[in-house]
Amino acid sequence: DSAPTLLEVNDLHARYGDARVLHGVSLRVAEGEVVVLLGANGAGKSTLLKALSGLVDRSGGVTFDGADISGEPSARIVRRGLVLVPEGRGTFADLTVEENLRLGAYPTAATRSEVAASSDEIMTMFPILGERSTQRAGLLSGGEQQMLAIGRALMARPRMLLLDEPSLGLAPAVTKSVFETLRTLHEERGLSLLIVEQNAELSLGIADYAYVIEAGLIRVDGPARSIRDNEGLRRAYLGY
Ligand code: ATP
């Protein structure tokens with residue numbers, strides 16, 4: 001793969017107080033690539049995404065678009081175009097759909113009219129968000145809330161999204177449409193994606209490359225297709 005590297009992680013460690021969770025993770029996401037990070041509950045997947053976003057105590061090398069972001073605060077990382085869609089969506093139930101969207105632009109330097117233009121664009125992209133723009137987010141279905149969480153992340157005009165279990169709690173058909181949305185964002189806007197997923201089969205289907213994390217360390221990595229086709233590896237690490 002000759003595409004330039006967008007995100008490079010080198011020997012990353014992370015902890016919550018005395019609890020060490022990542023023990024030296026290294027990985028790479030090329031420009032325009034879709035990478036999936038698989039692994040069991042508690043392996044450290046969410047912690048890795050939070051560490052990349054500046055939301056947990058971390059040490060080690062992280063470069064994004066050639067810049068060292070390993071010590072930067074989260075808002076600065078968002079401004080660089082690396083944006084997290086958190087596990088459980090992180091939408092605010094009592095705010096309207098449109099208010100939730102606008103929050104996504106908060107860390108950026110966007111003007112009021114730029115924010116309005118972005119939010120119009122996203123409501124065109126996700127018509128359901130446009131139809132429900134003045135409703136409380138808490139009234140949306142799980143799939144709609146996931147779309148809102150993705151839309152809110154897009155408000156920061158990212159180059160790369162970090163998605164933490166976008167399928168969590170969603171019915172299979174809804175999960176499928178969330179993944180179709182992700183594929184479209186990748187294909188039409190060239191967005192790079194790093195996706196954490198329990199649904200290995202589905203996520204390997206849209207990914208170029210995959211990493212498997214176990215107890216805070218990368219155990220396996222390779223082209224998504226080769227991992228999908230390796231039955232022994234699937235059984236050992238992915239449970240299907
Ligand atoms: P899951 O799919 O369950 O979210 P995960 O692979 O994302 O799994 P993490 O959420 O990163 O795993 O958790 C990794 C380890 O860190 C677990 O042992 C977990 O108990 C611990 N951990 C997570 N959050 C905290 C926290 N806020 N304080 C202390 N320990 C934590």
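The values are calculated or read from the model by the stated rules, or taken from the named source; none is laboratory data. Since the structure is predicted, the reported quantities are computational estimates derived from the model, not experimental observations. Cβ atoms come from the backbone with ideal geometry, glycine included; neighbour counts cover every protein chain shown. For the accessible areas, the whole protein counts, side chains as well, though only heavy atoms, and no ligand, DNA or RNA atoms are used. Shrake-Rupley method; radii C 1.70, N 1.55, O 1.52, S 1.80 Å.
The table for this structure:
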read-out	value
Top-ranked residue in region 187-218 [being within 11 Å of residue 37 (Cα to Cα) and not hydrophobic (A, V, I, L, M, F, W, C); ranked as nearest to the ligand (Cβ to nearest atom)]	198
Failed criterion for residue 187 (all others in (1) more than 20 Å from residue 141 (Cβ to Cβ); (2) open to solvent by less than 10 Å² (accessible area, probe 1.4 Å) hold)	(2)
Candidate set from region 41-59 (those that are open to solvent by 50 Å² or more (accessible area, probe 1.4 Å) and part of a loop (DSSP other than H, G, I, E, B)); member that is farthest from the ligand (Cβ to nearest atom)	55
Residue in region 118-134 that is open to solvent by 70 Å² or more (accessible area, probe 1.4 Å), at pLDDT 90 or above and of a type in the set (Lys, Arg) present	no
Hits in region 18-40 (condition: in contact (Cβ under 8 Å) with a residue 24 or more places away in the chain, within 16 Å of the ligand (Cβ to nearest atom), open to solvent by 50 Å² or more (accessible area, probe 1.4 Å) and assigned to a loop (DSSP other than H, G, I, E, B))	40
Enumeration of residues in region 165-178 that are surrounded by 18 or more Cβ atoms within 10 Å (Cβ to Cβ) and out of contact with any helix residue (DSSP H, G or I) (no Cβ under 6 Å at 6 or more places or on another chain)	165, 175
Pairs, first more than 25 Å from residue 64 (Cβ to Cβ) and surrounded by fewer than 24 Cβ atoms within 10 Å (Cβ to Cβ) in region 141-160, second among the basic types (Lys, Arg) and modelled with pLDDT under 95, C-beta under 6 Å, six or more apart	145/89
Tabulated pairs, region 77-97, first part of a helix (DSSP H, G or I) and among the polar types (S, T, N, Q), second open to solvent by less than 30 Å² (accessible area, probe 1.4 Å) and within 16 Å of the ligand (Cβ to nearest atom), C-beta under 7 angstrom, 6+ apart or interchain	none
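For (1) crowded, with 16+ Cβ neighbours inside 10 Å; (2) modelled with pLDDT of 95 or more; (3) touching a Cys at 6+ places or on another chain (Cβ under 8 Å), each residue gets a yes or a no:
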{"position": "61", "(1), (2), (3)": "no, yes, no"}
{"position": "69", "(1), (2), (3)": "yes, yes, no"}
{"position": "78", "(1), (2), (3)": "yes, yes, no"}
{"position": "86", "(1), (2), (3)": "yes, no, no"}
{"position": "89", "(1), (2), (3)": "yes, no, no"}
{"position": "104", "(1), (2), (3)": "yes, no, no"}
{"position": "112", "(1), (2), (3)": "no, no, no"}
